[in-house]
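Shown next, in structure tokens, is the structure this report addresses.
Where a number appears in this text, it was derived from the coordinates with a stated rule and is not lab data. What you see is a predicted model, and the numbers here were worked out from it, not measured in a lab. Backbone-built Cβ (ideal geometry, glycine too); neighbour counts: all protein chains shown.
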Amino acid sequence: AQSVTQPDIHITVSEGASLELRCNYSYGATPYLFWYVQSPGQGLQLLLKYFSGDTLVQGIKGFEAEFKRSQSSFNLRKPSVHWSDAAEYFCAAENYGGSQGNLIFGKGTKLSVKP
Amino acid sequence: KAGVTQTPRYLIKTRGQQVTLSCSPISGHRSVSWYQQTPGQGLQFLFEYFSETQRNKGNFPGRFSGRQFSNSRSEMNVSTLELGDSALYLCASSLSGSGYTFGSGTRLTVV
């Protein structure tokens, strides 16, 4: 079955430190891949997406993600975390070519930022 | 341009009642999809509509239904509410191939 796995439930980093959030997918073919961020009580904001092409994707708020086919991974990174980055982060996938709204999400990684 | 608008933001309903949630997509977006978010199950796909037709459906009971109007606005309905239906319901709109923009959600509490 298709699945998205985020191995880390909760990560705490110090402000100014670098960040990497892990995401692995299990699909028959390389899916479309997304990272979303959610603040408490809010909806999901798209950080970045990968459809094809360059495997290093730049997103908003200084985030980037790297697609690695050999590892079935799409890890999210940020070189220097700000306190406002504290939120929950979701990796999601969709069948290549689009599957009519059916995103499969990971369980999320909650990010806490220490001052 | 305006984002995805979901109304109402909060709802409290009693078991056995029914509820209707509304979603207005970004102008020009014809695809609207719905998701349920709970602490235990995470984010789960309910269904997707495009040009008033349901194209895809997740694994939810028939108590969950939806529809889309000619202006692309969508509603979802949950009948015979159960305590387990308490969740954040998220709507997303999409322009083909561009990814999905989510609304702020409707927080449904069933008591």
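Positive-end ranking of B:I12, B:Q36, B:N56 along the dipole of chain B, with charges on Cβ about the Cα centre, is headed by B:I12. Only aspartates and glutamates eight or more places from A:K49 in sequence, or on another chain, were considered; those with a Cα closer than 15 Å are A:E64, A:E66, A:E94.
Which chymotrypsin sites (Phe, Trp or Tyr not before Pro) in the range A:50-115 pass both tests, a DSSP loop state and at most 16 other beta-carbon atoms within 10 Å? If you can, show how the numbers build up before the last one.
Numbers: sites: A:Y50, A:F51, A:F63, A:F67, A:F74, A:W83, A:Y89, A:F90, A:Y96, A:F105; in loops: A:F51, A:F63, A:Y96.
Answer by residue number: A:Y96.
Sites count as exposed loop sites when they are trypsin sites (Lys or Arg not before Pro), lie in a DSSP loop, and have at most 13 other Cβ atoms within 10 angstrom; the longest stretch of chain B without one is B:64-111.
Centroid-to-centroid, using Cα positions, the range B:71-108 and the range A:35-104 are 20 Å apart. Counting every pair of alpha carbons in the range A:1-82, the share spaced more than 14 Å apart comes to 65 percent. A quarter of the convex hull surface defined by the alpha-carbon atoms of chain B gives 6.5 nm² as the mean projection.
Using only atoms on other chains, find how many Cβ atoms lie within 10 Å of each Cβ of peptide B:35-47 and report the average. Before the final figure, lay out each step's value.
Values: counts 6, 0, 6, 0, 0, 0, 1, 7, 11, 3, 8, 2, 3.
Whole-number average of other-chain Cβ neighbours for B:35-47 is 4.
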